[in-house]
Amino acid sequence: MPDRPTRILIVDDSAVMRSLLRSVVSSGAGLEVAGTAADGETALRAVDEVRPDLILLDVEMPVMNGLVTLRKLRARGSKMPVIMCSSLTQRGARVTIEALAGGASDYVAKPTGQSSREASMAALSQDLIPKIHALTQGQRTASGFAPGPAAGTRAPLFMPAAQAFRPQALSATPTALVIGVSTGGPAALDVLLPALPPSFPLPVMIVQHMPELFTRLLAERLNGRCPLRVREASEGDPVCAGAIYIARGNWHLEVLAGARASPPPTRPHTPGPRENHCRPAVDALFRTAAAVYGQGVLAVVLTGMGSDGMAGARIVRQQGGSVLAQDQQSSAVWGMPGSVVNAGLAQKVLPLHAMAAEILRAANRTTSPASSPTSSPTNSEARELREAVR
């Protein structure tokens, strides 16, 4: 089959935003605009007519808004990637979280505050084009077209399947669960976390790549769906068993070392530099958790672009901890888990629906209080660990 461009349907009620998105998409290598629509009803008709490979879907529109449009699309059985276009407002963020949990693949924030159309295009292109390539690369490769990496891409978007992977036994009894996730994360967490029972014996700390406001709303939504308490992490929170802490957007989530007698506190730490171009970064959480909990860390890497979490997973394994990774088939993008698997760091690679059961099997081996570090390195060792991947 001859190569063809990846076709994008743009859905937005604003003529200005449709024009901006058209220009951005047209500037991307291997991309073309399949059509545009100003509301959800028109968009659903256009899907049948122009058969796009991906939809850019506005959150707030007349006639039929983005959330309803997404639900109707998924009710048809369509698995087409959908990227929500959201304003950074309380309402826009809340609806976007619902859309992501309900099957949207990812989102981009509409540009604000730029001095010119060219500046808006540049800001939107940097965020949007890599996401389009990441979400369509697998399906387009299957049909004979594999778009090259977008200009400016700094990290792998999509990893090849691991060759001859052999599962291994987990390293030790876990005393803390840490999770890293990005693209496709809200939907993945919406499956995994509600499956953890009220008696779950470990503290859970999560880095989901999202900006401020979005992470708070994500925590609020999950708290209403999970048997365990879910909250956005705050400065000095004690890391308690049976509680779930989500990193605050634009703040690294770190676990403080040297607290052996009581639950160690978390430290959302915004002045820290970005790692893997991310803040919060999975590596920062994994690295500091390994410094405190040692071999008691159970690290889980779920769907996401790039390779954030790979360096941290290496430190977890070096300290005797365990690493699980989501498989390619159930991931929206197999960048983060794929990088861990292909580096030989994952002991088990599991579909999302099987991840909670594996975590529970490991956690139920726990015989000591889960909220306390069990094999913590010394303070000097902890400092060395924190510097290991800087």
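Taken along the Cα-to-beta-carbon direction at a fixed 7 Å, the label points for Gln126 and Val63 span 3.5 nm. Computed extension length for Glu41-Arg225: 63.2 nm, one decimal, from 0.36 nm per residue of separation with the Cα-Cα distance subtracted. Excluding residues fewer than 8 places away in the same chain, name every one of the lysines whose C-alpha is closer than 23 Å to that of Lys79. Straight-line reach from Lys79, under 23 Å: Lys131.
In terms of the Cα gyration tensor, with a ≥ b ≥ c the square roots of its eigenvalues, is segment 200-354 rounded because a/c is under 1.5, prolate because a/b exceeds b/c, or oblate? In terms of gyration-tensor shape, rounded. Counting every pair of alpha carbons in segment 24-67, the share spaced more than 12 Å apart comes to 60 percent. Taking 0.36 nm per residue of sequence separation and removing the Cα-Cα distance, the Glu212/Arg71 pair yields an extension gain of 48.2 nm. On the basis of the beta-carbon distance and an R0 of 30 Å, Thr89 and Asp48 show a calculated FRET efficiency of 0.40. Where does the charge balance sit around Ala243 when Lys and Arg score +1, Asp and Glu -1, over other residues with C-beta under 13 Å from its C-beta? Residues near Ala243 contribute 0 overall. Heavy atoms of the protein chains alone define the surface here; on that basis segment 185-338 has 30 Å² accessible area per residue at 1.4 Å probe size.
For Gln347, neighbours were defined as the other residues whose beta-carbon sits under 12 Å from its Cβ, and their charges (Lys and Arg +1, Asp and Glu -1) total +2. Segment Ser14..Ser115, full-extension length gain: 34.5 nm, with 0.36 nm per residue of separation and the alpha-carbon distance subtracted. In a solvent-free Debye calculation with one equal scatterer on each Cα, what is log10 I(q)/I(0) for segment 1-95 at q = 0.20, 0.21 Å⁻¹, listed in the order of the q values? Computed log10 I(q)/I(0) values: -0.96, -1.04.
The values are calculated or read from the model by the stated rules, or taken from the named source; none is laboratory data. Note that the structure is predicted; figures quoted are calculated from it, not measured. For neighbour counting, all protein chains shown are included, and Cβ atoms are generated from backbone atoms with ideal geometry for every residue, glycine included. Side chains are part of the model used for accessible areas, which takes the heavy atoms of the whole protein and leaves out ligands, DNA and RNA. Shrake-Rupley method; radii C 1.70, N 1.55, O 1.52, S 1.80 Å.
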